[in-house]
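Structure first, commentary second.
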Amino acid sequence: MSSAGEPGGPPRHPLDVVVVGSANADLVVQVDRHPAPGETVLGSELAVHPGGKGANQAVAAARLGARVALLGRVGADGHGRLLRESLERDGVDLGHLHDTAAASGIAMIAVGPRGDNSIIVAPGANALLTEGDVLDGEPLLRAAPVVSLQLEIPLPAVLAAARLARRAVLNLSPAVPLPDELLALCDPLVVNEHEAALLLGTSGAPDRQAAELLARGPRSVVITLGADGAVVAGDGAVQAVPSPHVAAVDTTGAGDAFTGALAWRLAAGEPLAQAAAFAARVGAAAVRRAGAQDSYPTMAEVEEL
């Protein structure tokens, strides 16, 4: 798959998905258990991997065969070079990935013995993505069937991109309250159970949460359930979507793998439930290896499931 033309210029190929979002260097340590507040625990040697929710989603879709662009910001530093090189290897269009004087974003990730993780993100250059950056990419965004969004970048940039999108997929991570206008542009709003509870102010059964979220204004909703698959809501129906059961090694970035795959299949015109079923298989394949982008499967690996 070819990459982009000159920075800021049009891509050399039609795109399936434009991702507007973050790129971070993931600083990963394996721990026997997660520390309690005020406690120190020993971990493994530090590993540095390319990550960030935006970059993860772009790589996940590209590795499956999608034509993808990433609009965002990285620092002109070592981590920024790592991120660019990783994205280029997977053929992601970088014509609208801007260098900035700030440090690149980083995520500090502790991975427990069952593959569970806790994450702290320092946004760095991601926090400097502006509405103007998004508007500069207007032709790119308007041409793509799907624009994929997350919330590791400033909300004004997210809202500007959603306004321009033919179809906006928004992953509510990290979870924050959303303005009604942005909610109404989501098709779908993608959340996990914890994010759904935060948005609703209460927990509950996933099918009920999906219906309640749909009533808040998005055009459709997907609630991801990890090993249990997902629940989708839209067009007056709520439907459970199963996931293959696999032995999880590391769940870091699995939600991004799901969302990137979902965006690609929606761009191809698949119904939401069908696209979510495929995305659940991609997420299951991703947890079988350590890391985020390093774990993302090719189409052949997904078909094995």
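In the stretch 38-65, what residues are under 26 Å from THR130 (Cα atoms) and of a type in the set (Gly, Ala, Ser)?
Step one: of the stretch 38-65, the residues under 26 Å from THR130 (Cα atoms) are 49-62.
Within the stretch 38-65, GLY51, GLY52, GLY54, ALA55, ALA58, ALA60, ALA61, ALA62 qualify.
For (1) of a type in the set (Ser, Thr, Tyr); (2) under 25 Å from ALA205 (Cβ atoms), each residue gets a yes or a no:
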| residue | (1), (2) |
| --- | --- |
| GLY234 | no, yes |
| ALA237 | no, yes |
| ALA240 | no, yes |
| PRO244 | no, yes |
| ALA247 | no, no |
| THR251 | yes, yes |
| GLY255 | no, yes |
| LEU266 | no, no |
| PRO271 | no, yes |
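Pairs needed: first member in the stretch 33-53, closer than 21 Å to ALA286 by Cα; second member anywhere, part of a loop (DSSP other than H, G, I, E, B) and polar (S, T, N, Q); C-beta distance under 6 Å; at least 6 residues apart or different chains.
GLY52/SER22; LYS53/SER22; LYS53/GLN150
Being surrounded by 18 or more Cβ atoms within 10 Å (Cβ to Cβ), closer than 22 Å to PHE258 by Cα and hydroxyl-bearing (Ser, Thr, Tyr) is the requirement here; does SER104 meet it? Talk me through it step by step, then tell me what you get.
On the way: surrounded by 18 or more Cβ atoms within 10 Å (Cβ to Cβ): yes; closer than 22 Å to PHE258 by Cα: no; hydroxyl-bearing (Ser, Thr, Tyr): yes.
Spelling it out, it is not the case that SER104 is surrounded by 18 or more Cβ atoms within 10 Å (Cβ to Cβ), closer than 22 Å to PHE258 by Cα and hydroxyl-bearing (Ser, Thr, Tyr).
Would you be able to tell me the number of residues in the stretch 229-271 that are polar (S, T, N, Q) and surrounded by fewer than 24 Cβ atoms within 10 Å (Cβ to Cβ)?
Qualifying residue count, the stretch 229-271: 3.
Report, by residue number, each residue of the stretch 18-63 that is in contact with a Leu (Cβ under 9 Å, 6 or more places away or on another chain) and not hydrophobic (A, V, I, L, M, F, W, C).
Matches in the stretch 18-63: GLY21, SER22, ASN24, ASP32, HIS49, PRO50, GLY51, GLY52, LYS53, GLY54, GLN57.
Out of all the residues in the stretch 174-184, is one or more in contact with a Leu (Cβ under 8 Å, 6 or more places away or on another chain), small (Gly, Ala, Ser) and more than 20 Å from VAL18 (Cβ to Cβ)?
Filtering the stretch 174-184 down to residues in contact with a Leu (Cβ under 8 Å, 6 or more places away or on another chain) leaves 174-179, 181-183.
Right, trim to small (Gly, Ala, Ser) and you get 175.
Then keep just the ones that are more than 20 Å from VAL18 (Cβ to Cβ); that gives 175.
Yes: one or more hits.
Go through the stretch 62-104 and count every residue that is in contact (Cβ under 8 Å) with a residue 60 or more places away in the chain and either among the hydroxyl-bearing types (Ser, Thr, Tyr) or in contact with a Ser or Thr (Cβ under 8 Å, 6 or more places away or on another chain) (or both).
12
GLY229 is checked against (1) closer than 16 Å to LEU170 by Cβ; (2) of a type outside the set (Ser, Thr, Tyr); (3) in contact with a strand residue (DSSP E or B) (Cβ under 8 Å, 6 or more places away or on another chain) and fails just one. What number does that condition carry?
The single condition GLY229 does not satisfy is (1).
I'd like to verify a number: residues in the stretch 270-281 that are more than 14 Å from ASP16 (Cα to Cα) and in a loop (DSSP other than H, G, I, E, B), how many?
Count: 1.
I need the full set of residues from the stretch 210-238 which are over 19 Å from ALA162 (Cα atoms) and part of a helix (DSSP H, G or I), in order please.
Scanning the stretch 210-238 gives ALA210, ALA211, GLU212, ALA215, GLY226, ALA227, ASP228.
Could you check how many residues of the stretch 245-269 are under 15 Å from VAL190 (Cβ atoms), in a loop (DSSP other than H, G, I, E, B) and modelled with pLDDT of 95 or more? Give the derivation first.
Let us first name the residues in the stretch 245-269 that are under 15 Å from VAL190 (Cβ atoms), namely 253-267.
Still in the list and also in a loop (DSSP other than H, G, I, E, B): 253.
Then drop every residue that is not modelled with pLDDT of 95 or more, which leaves none.
Residues in the stretch 245-269 being under 15 Å from VAL190 (Cβ atoms), in a loop (DSSP other than H, G, I, E, B) and modelled with pLDDT of 95 or more: 0 in total.
Taking the stretch 105-135, which residues are among the hydroxyl-bearing types (Ser, Thr, Tyr) and free of Cβ contacts under 8 Å to residues at least 40 places away in the same chain? So that I can check it myself, show each step before the final result.
First, pick out the residues of the stretch 105-135 that are among the hydroxyl-bearing types (Ser, Thr, Tyr): 118, 130.
Across the stretch 105-135, the qualifying residue is only THR130.
Of all residues in the stretch 282-305, which are touching a helix residue (DSSP H, G or I) at 6+ places or on another chain (Cβ under 8 Å), in contact (Cβ under 8 Å) with a residue 60 or more places away in the chain, part of a helix (DSSP H, G or I) and not polar (S, T, N, Q)?
The answer is VAL282, ALA286, MET299, VAL302.
Residues that are over 17 Å from the mean Cα position of the chain (by Cα) and modelled with pLDDT under 95: list the strands (runs of 3 or more DSSP E) wholly contained in the stretch 103-189 that include at least 2 such residues. Talk me through it step by step, then tell me what you get.
Values: elements: 105-111, 117-122, 146-149, 168-171.
Output list reads 105-111.
So how many residues does the stretch 218-246 have that are free of Cβ contacts under 8 Å to residues at least 12 places away in the same chain and either on the phi < 0 side of the Ramachandran plot or of a type in the set (Lys, Arg) (or both)? Step through it out loud before you land on a result.
Let us first name the residues in the stretch 218-246 that are free of Cβ contacts under 8 Å to residues at least 12 places away in the same chain, namely 236-237.
Within this subset, residues satisfying the condition of being either on the phi < 0 side of the Ramachandran plot or of a type in the set (Lys, Arg) (or both) are 237.
Of the residues in the stretch 218-246, 1 are free of Cβ contacts under 8 Å to residues at least 12 places away in the same chain and either on the phi < 0 side of the Ramachandran plot or of a type in the set (Lys, Arg) (or both).
Would you list the strands (runs of 3 or more DSSP E) that sit entirely within the stretch 8-90 and hold 3 or more residues that are aliphatic (A, V, I, L, M) and either under 16 Å from the mean Cα position of the chain (by Cα) or within 30 Å of ARG114 (Cα to Cα) (or both)? Reasoning before the result, please.
Working: elements: 17-20, 24-30, 47-51, 68-75.
Where strands (runs of 3 or more DSSP E) fall fully within the stretch 8-90 and carry at least 3 residues being aliphatic (A, V, I, L, M) and either under 16 Å from the mean Cα position of the chain (by Cα) or within 30 Å of ARG114 (Cα to Cα) (or both), they are 17-20, 24-30, 68-75.
The values are calculated or read from the model by the stated rules, or taken from the named source; none is laboratory data. Because the structure is predicted, anything quoted here is derived from the model rather than measured. Don't worry about glycine lacking a Cβ; one is built from the backbone with ideal geometry, like all the others, and counts go over all protein chains shown.
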